[in-house]
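The numbers here are math on the coordinates, done by the rules we state, and not lab data. None of these values were measured; they are calculated from a predicted model. In this analysis, Cβ positions are derived from the backbone assuming ideal geometry, glycine residues included, and neighbour counts consider all displayed protein chains.
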Amino acid sequence: MHDVALRAAGLQKRFGGLLAVSNVSIDIRAGEIHAVIGPNGAGKSTLINLLAGELLPTSGEVLLNGADITSLSPDRRARAGLGRAYQKTTLFAQFSVYENVRLAAQARSTTPLRMFGGTRCDRPYLQLVTDAIDRVGLSARSQIIADKLSHGEQRQLEIAMVLATNPRVILLDEPLAGMGPSEARGIIGLIASLKADRAVLVVEHDMDAVFELADRLTVMQDGRVIATGLPQDVRVDPGVRAAYLGADGGIA
Amino acid sequence: MSMPNLRVRLFGIACLAIAIALPFYVSTYYTQFFAKALIMGMLAMSLNLVVGHGGLVSLCHAAFFGLAGYVLALLSPRYDAASLLTTLPVAILCSGTAALLIGALVLRTRGVYFIMVTLAFGEMLFFFFHDTKFAGGSDGISINIRPEIAVAGRQLLDLDKTMTFYFVVLGFLVGVIALLTMVVRSPFGRALAAARDNERRARSLGFPIFRLRLTAFTLSGALAGLAGYLAAAQFGFVAPQMLGWHQSATILVMVLIGGLRSVTGPLVGALVLIGMEEVLKAHLDNWKLVEGLIIIGIVILLPNGVRQIWSMVFGASPQRAAEIKPAAAEARHA
């Protein structure tokens with residue numbers, strides 16, 4: 001059995017009268033890809049924002065490797081080993097690919113805010129930068145300004161930035177959004193390789209990709225978890241078929 | 001070293017050579033004039049650390065400038081010279097501390113709220129000096145004798161000599177340029193620029209945004225204090241106007257004229273603005289009107305500041321060109 005890297009227990013988030021996330025408990029294990037699916041408005045993005053710390057829960061708790069991080073700010077969580085990529089591409093648009101990834105690595109280095117000396121001094125983290133860029137296949141494009149990359153390349157860069165922070169847990173919010181099938185193939189392969197020594201949570205709409213990638217699946221509806229477990233079990237769960245996949249349940 | 005980089009260095013060395021030679025060729029009046037312009041340039045460069053590199057438009061920068069001037073005025077004995085070596089660090093420390101305290105409060109706000117709250121704090125300090133009897137009230141306070149640079153009673157430099165004072169200012173200016181260049185290129189400076197471009201992403205990578213910006217704000221305020229000390233020493237007089245929002249806005253105009261993306265751009269902006277005022281004042285009655293029109297023209301035609309002329313004439317390095325284009329697009333959208 002794998003260790004639980006990130007655990008949410010009884011997580012609740014209320015926006016005024018709307019209960020966006022209601023009593024959600026989820027365990028993300030190291031070495032596994034855990035997919036969260038559900039119709040629009042099911043609370044998936046709210047859940048990811050609660051886990052990453054951009055929203056604070058109304059109640060419930062979040063544990064990272066057993067330590068309570070419920071009230072930590074996003075930057076403190078990042079330094080504790082939690083990396084995230086956004087649904088809408090979120091980069092330093094005016095900086096080069098290399099600089100984007102270098103900043104990510106710098107954030108996790110031992111002296112992230114050093115005021116003396118340049119950024120090119122022989123630092124151990126510079127190796128992490130080139131490795132991350134190689135890993136996502138952007139080596140030939142490392143001097144290009146992020147704004148000038150294609151949509152697919154920007155998604156690759158997002159993942160390179162997450163890798164460069166060397167996280168133990170990775171949160172990916174719709175990594176395949178807006179991608180063509182061929183571009184998506186590359187990213188799917190990349191995501192599959194991420195779980196080697198990490199825990200990965202992915203929110204995704206592309207069902208083929210989800211069933212290809214996920215070791216474990218959680219289905220949400222109206223802010224609640226309606227099923228969780230192995231993909232083959234969830235696929236035949238009658239509640240899921242009725243609520244999310246449609247009564248005739250035609251999934252691949 | 002690439003060719004454009006070499007050209008930039010040669011240009012910098014040429015500018016320094018001109019600045020050194022200048023007082024030997026112009027009258028005392030113009031030596032004083034350029035010392036004043038360089039002090040304002042130093043002030044504008046210090047503001048640009050926050051505005052250009054940090055992306056935070058502050059309207060209380062003059063408060064840190066004026067505060068240091070008041071510190072010198074209050075520390076100066078009536079009939080004797082204050083020691084620069086002790087009063088300057090105190091003045092810088094006071095301005096830096098004020099920036100740290102004000103920054104700790106205002107940096108909790110964003111965007112237009114940040115501008116308004118900095119304005120409020122700046123005006124608070126202005127009215128503190130304006131409306132209380134402390135330090136001369138609205139009349140200001142004189143510094144009868146310039147501070148001296150002396151060790152064990154022996155004077156090293158005579159700041160009463162216009163040329164000596166000019167060279168002291170030039171020396172500090174070179175030091176400030178070196179310091180700011182180092183900070184902007186350091187990991188700290190890169191993180192500051194990253195937080196400007198995308199705060200949410202910078203935070204999710206693990207950068208402590210508040211601490212980052214507060215450090216920049218404090219450093220910027222301390223350097224404004226250095227400029228304020230020198231300005232007070234030059235004029236021999238401080239008044240509440242030195243801290244007011246009008247002064248803050250003027251520095252901001254210098255930054256905009258010079259360009260936001262470089263260390264020395266605001267220095268160029270200060271020289272252009274002050275030089276332009278000097279020329280227009282001498283020839284026109286309605287000079288403020290003409291000045292306004294020229295500033296509007298510069299901002300519309302050169303959205304990256306007058307430094308843009310450099311890249312138009314010499315061609316930009318690929319990296320700079322890439323930085324300039326998005327900045328221009330950004331300015332047009334704004």
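Prolate is the label for the stretch A:86-166. Its Cα gyration tensor axes, ordered a ≥ b ≥ c, give a/c of at least 1.5 and a/b above b/c.
How high is the FRET efficiency between B:Val151 and A:Ala67 when r is their beta carbon distance and R₀ equals 45 Å, given to the nearest 0.05? Could the numbers behind the result be given before it?
Working: r = 55 Å, r/R0 = 1.23.
After rounding to 0.05, the efficiency reads 0.20.
Using the Cβ-Cβ distance between A:Leu18 and A:Ser193 with R0 set to 25 Å, the FRET efficiency from 1/(1 + (r/R0)^6) comes to roughly 0.10. Distance between the pseudo-spin-label points of A:Ser59 and A:Thr111 (7 Å out from Cα toward the beta carbon): 4.8 nm. The fewest-to-most ranking of B:Phe127, B:Phe134 by surrounding Cβ atoms within 10 Å reads B:Phe134, B:Phe127.
Taking 30 Å as R0, compute the FRET efficiency from the Cβ-Cβ separation of B:Phe134 and B:Asp160 and round it to 0.05. Don't skip to the answer; put the middle values down first.
On the way: r = 28 Å, r/R0 = 0.95.
Calculated transfer efficiency: 0.60.
A cut-off of 5 Å between modelled amide H atoms, ignoring neighbours fewer than 5 places along the same chain, links A:Gly223 with A:Gly43. Among A:Asn65, A:Asn166, B:Ala222, whose Cα sits farthest toward the positive end of the charge dipole of the protein assembly as shown (+1 at Cβ of Lys/Arg, -1 at Cβ of Asp/Glu, about the Cα centre)? The residue sitting farthest along the positive end of the dipole is B:Ala222.
Run the count for chain B, please: Lys pairs, Cα-Cα under 30 angstrom, 8 or more apart or on different chains.
Working: B:Lys36/B:Lys133; B:Lys36/B:Lys161; B:Lys36/B:Lys281; B:Lys36/B:Lys288; B:Lys161/B:Lys281.
Taking chain B as the scope, the lysine pair count is 5.
The aspartates and glutamates within cross-link reach of A:Lys195, meaning a Cα-to-Cα straight distance under 17 Å and a gap of 8 or more places when in the same chain, are A:Asp3, A:Asp27, A:Glu32, A:Asp131, A:Glu158, A:Asp173, A:Glu174, A:Glu204, A:Glu212, A:Asp215.
Evaluated with a Cβ-only charge set (Lys, Arg +1; Asp, Glu -1), the protein assembly as shown carries a dipole of roughly 700 debye about its Cα centre, given to the nearest 20.
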